Structures are given as C-alpha cells and as structure tokens.
Amino acid sequence: MKTIQDDRLPVWLPRLTARGGPRFLQIADALQAAMADGSLNPGDRLPPQRHLAAQLDIDLTTVTRAYDEARRRHLLEGRGARGTYVAAPKVELAPVLDLSMNTPPPPDGVDFEDMLKQGLSQVQMRADAALLMTYHLGGGSVSDRKAGARWLEPMMGRLDPEMIAVCPGAQAAIAALILALTKPGDVILAEPMAYPGLRTAATQFGRRIVAVDSDQHGMLPEMLEQACQQYQPGLVYLNPTLQNPTTLTVPEHRRKDLARIARRCNVRIAEDDPYWLLAEAPPPPVATFAPEHVCYISTLSKCLTPGLRVAFVLIPDLQLRERFLIALRSFALMVAPLNAALATQWIFDGSATGLMEGVRKEARLRQGMARDVLAGRNRGEGEGLHAWLELPSYWSSSMLARVADSEGVAVTSAEAFATGGGAVNAIRLSLGSIKDRARLQAGLQRLSDLLSRRPESFSTAVV
C-alpha cells in the first residue's frame, strides 16, 4: 500500500490549469485516470485534504469537493481517522432478475435518450417556461386534452377534447373515480383477479371489493347483473384487453353484454385499458357500446414509459368530469406540466407512435422467448407486457415466488391480484423490466428449471 505524505506533488495529479475546467473536477478526473492506468490501486491511501490543498496552493473546500465527487463515482472510501483510501471496484453480486415489475420493454432501434432530449428541446422552444412551472387545475391544458383526443382516436374515434381529463397516471385516475362515484362502505365490483392498485385504493378509501364470477371470456354478464341487484355498487372495474394479470382479452360479444347490463342497472364502469394499443386486433372498448356509463382510462405508462406519469380519462358527462377533477385535486392536484407538455409534444410530432410501435414489436419478441423457454407452461394470450403462468399442483404460487426470490428471480404471486375468494395457483411474469434480452432469457430459464423440480428438492439450510 502506498501512502502519499511528502511535499512532492502526487504522481497521479496533473498540474491544474485555468482552462481545464473546475479544479475539483480536474482532481477527481485525475484520480479516475490514475486508477485506470494503475498509478493508483485499491487500498492506496490519499493525502489528507489539508495536505493536498497546501501542495496545490488551493482552497481546502476545492479539495473537499474533489474528494466528494470521487466518492460519488465510487472511487474513494473513507475509513474514519485512518484517512481516505482508493476504493475497490464496485461489483454487483448476483443481481436480481426482475420479472415482477410490469413496465414496457426498451424498444430495439429507438434511441430513447435522444428522443427525450429532442422532445424537451421542442417543449422549451414552444412553451412558456413560466406556464411549465405553475399550477394547472383544469385537468390539463387545451393542447394536452387535444393530444389526449388524438391518442384515444384509434380506440374511440373522433372525440371532443372537453370530455378528456389529463391525470398523473392510471392509478390516480382510478382513485379519483372511486372518490367521485362512491362513498365509504360502498361496493366496487371487479373480476376475481384484478390490478392490485384497485384493491389498494379501495381499501384506503374504505370501499369494499366484491369479485364477480368470470369464465374464459371474462366477467359473466348474468353474474354482474345479479351482483348489481344484490350490492347496488357505486362502480364496476374492468380491464378487458390483455388483462392484468391473466392476459385475457374479453371478446366483442361479451363487451356488448356487459355494456347492456351497465345500462340496465344504471351503474358506472371504470374501463382501465392500458394495453389496447399493444394488442394485435383488439375489440372495440366497452365504452363504445355504453359511452354514457363508462369512464375510459388510457395510460402512457404501459405503451411508452412510466416516467411520464400521464393518463387520459374519457368522461362524457361534464358534471361527472368536474366531480372527478375535484376528487383528483384532493390528493394529486395535477400532472406535472413539464411531463404533460412532453407527452403532448411526442403525440403531435409522431414520436409517441414510433416509440409505441417499438415497444409492441419488442413485447412480441419477448413473448415468443417466454413461450420457447417455458415450453408450453405459459397460458397467456401471447401479447402485451406480461405472461400468466399456471403452476403444477406440487407448487403453490406463494412458495414458488419465495423460492424463486431466493435464487435471484423476482415474480408476482397470484395472491397479489385476488379480489375475493381463493387465488388461482399461478404467477405473473413481467417481460419488460429486464432491459437485456440475454438476462431475460436467463431469468426465464432459471424459472423453468425451478418448475421442473418439486419443492421437496429445496431444503432449508441449518447453520
């Protein structure tokens, strides 16, 4: 181990120059270069900050900033009174292969970083900076609502932008609809397996979810009508296209039947439809068959990127739309104007469509990979961002999730989606959260290997 303590300038440090940029960065850059060429090695002790400041004839604060920057880059580590040392390279041991977070996969051939820079540049050129940094209380600007109308056009046809509210994500939209349409103690009807965010919001607001029996085509209309008569629900929640988690797509005839029941029972439906644009040939939304009874939610999080936190909600009833916005303001107030402006820019300049097509293509490629690796165990539709894996009887979904986690693979057990009664013995696999395809394949293969063994082959270590 070398220690640099004498009055000579450290061999790794070049002479500071006026044109070399901030001096603290020159020092940090020199440290990094010295580690790369071997002039400094892990475990070498650096001069005390005061000593180095005196050697370089600079302020102590400059050296402190340089050491802080080097720590931020994981180049240095402090060892208390013993001083500051060159850190060992940071090694990521056994990274978790995350098949639990349902996010869009990074599309091949799309330079997202450049797309983000270009989009923000256009927003800055065309928008008033003051408007981007202030409150927007009307459910989105006129431009944002027009962008929402354009985004929803493939599903709903031409729309009046006044019927659209812009929200900070689908979760916020669902919560606001619950507040606007129900009161504490009310029942919300849903399928036996549904998006966990619904249960979270309902529980927080003191509402009760009741599961309505379903079959291979989705919620049963006759059971919905029976439940409406029994519970007088304030809301029915549907996720009819590539449903989360089962990947089921409700066929058109069933959608018409559910819309007919909603009209007959005079109940509102929250149609949460994040995956419609990712499906090959999806049926028309339920909202097209009963527009006066359905609030339609479409988020950009599943087609573009979760970071935008933008969703569009179609609410044809202007009075209900105002109640919805009042509810939304009670906990979320508004979409961040900069996010909304970026989403609007991308929708109008075509970037959103290009990115969505890339996501769709990548998702289908990954679905094919899952089918190949899992060798027929995948019972999903083969589209969208996730797969639904029914398990052999010798595995329970909760046990498999725990064992998979211990072996570095994160999956989501069916219990997370159950709205009532017993959960199906299955797990959901999210195919977009692992960026690299090779690592995704490794995770799927590791999971396939687990499924081929019985739980009895896994014993608890005693130490």
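The values are calculated or read from the model by the stated rules, or taken from the named source; none is laboratory data. On a predicted model such as this, the values are computed, not experimentally measured, just so you know. Methodologically, a virtual Cβ is constructed for each residue, glycine included, from the backbone with ideal geometry; neighbour enumeration extends over all protein chains shown. Just the protein is used for accessible areas: all its heavy atoms, side chains included, with ligands, DNA and RNA removed. Shrake-Rupley method; radii C 1.70, N 1.55, O 1.52, S 1.80 Å.
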Treat every Asp and Glu Cβ in region 118-203 as -1 and every Lys and Arg Cβ as +1, leave all other atoms uncharged, and give the resulting dipole magnitude about the Cα centre to the nearest 20 debye. 80 debye
Given the Cα-Cα distance of L25 and D111 and 0.36 nm per residue of separation, how much length would full extension add, in nm? 28.1 nm
Quick one: Karplus J couplings for region 176-185, per residue in order, coefficients 6.51, -1.76, 1.60, θ = phi - 60°, nearest Hz, x for Gly and Pro? 5, 5, 4, 5, 6, 10, 10, 10, x, x
Of A262, F24, M399, farthest towards positive along the dipole that unit charges on Lys, Arg, Asp, Glu beta carbons give the chain: F24
When only the heavy atoms of the protein chains count and the probe is 1.4 Å, how do Y135, Y394 rank by accessible area, highest first? Y135, Y394
Report, for region 211-359, the % of DSSP beta bridges that are antiparallel, rounded to 5. 45 percent
Stretch gain in nm, segment L365-S398, where the contour uses 0.36 nm per residue and the Cα spacing is subtracted: 9.1 nm
Over region 311-398, with neighbouring protein chains present, the accessible area per residue in Å² at probe 1.4 Å is 40 Å²
Got the relative contact order for the chain handy, in percent, Cα pairs under 8 Å and 6 or more residues apart? 19 percent
Give, in nm to one decimal, the length gained when the segment between D405 and T17 is fully stretched (0.36 nm per residue of separation minus the Cα-Cα distance). 134.5 nm
Per residue, how much space in cubic angstrom lies within the convex hull of the C-alpha atoms of region 344-410? 120 Å³
Provide the descending list of Cα extents for region 139-284 along its principal axes, expressed in whole angstroms. 43, 34, 28
